[in-house]
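The values are calculated or read from the model by the stated rules, or taken from the named source; none is laboratory data. Bear in mind the structure is a predicted one, so any value in this text is a computation, not a measurement. All Cβ positions, even for glycine, are placed from backbone atoms using ideal geometry, and neighbour counts span all protein chains on display.
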Amino acid sequence: MRAVLDEILEVEFLGDEDTGYPTGGFLAWAFERLGVTDPDRVVHLFGGAVKRGITVDIRPETNPTHCCDAAHTPIESDSVEWVMSDPPVSELFNQAFYGIPTKVPTEFEIMKEARRILKVGGCFGMIQPAVPEDIPGLVREKTYAFTTGAPRFVCGWHLLRRV
């Protein structure tokens, strides 16, 4: 049986309004694990606050590269090497923090879209409280745990690869 948790990070990543991801060096840490060589070519699903890369967000005021549902992007199939995602954890969270009364795509829908746009061998990094199940064509390689801000939630960051 394979271990579910591969590594517990000793650092605490706090929320960062400037990137939409945790701070404390999170993006550099994630890019290293994904093998990113060009941050401008990383697709960020739910990434309206991200300042660099290809951003996808449903909120037009964030000026994303693609203003659309993260589970249904106009990005060409099998075209990118890296995808990252930090989705709202629920519709209630989506409404309370972003003021968006829309349905939040499920973990499965997000993974299907990442699989669709990734080239074979490409990597997907996803912040998600639950460990995702493998889906055909997208296999989890590692899971890391870290804490974020108050009230000190423990999150998982999952590295998946398109096969």
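Return the residue satisfying two criteria in turn: it lies in segment 74-127 and is modelled with pLDDT of 95 or more and in a loop (DSSP other than H, G, I, E, B), and of such residues it is farthest from GLU32 (Cα to Cα). Within segment 74-127, the match that is farthest from GLU32 (Cα to Cα) is PRO74. Among residues of segment 19-73 being of a type in the set (A, V, I, L, M, F, W, C) and part of a loop (DSSP other than H, G, I, E, B), the one that is modelled with the lowest pLDDT is ALA49. Selection over segment 108-144 of residues that are touching a residue at least 40 places away in the same chain (Cβ under 8 Å), of a type in the set (A, V, I, L, M, F, W, C) and exposed (fewer than 15 other Cβ atoms within 10 Å of the Cβ) gives a count of 2.
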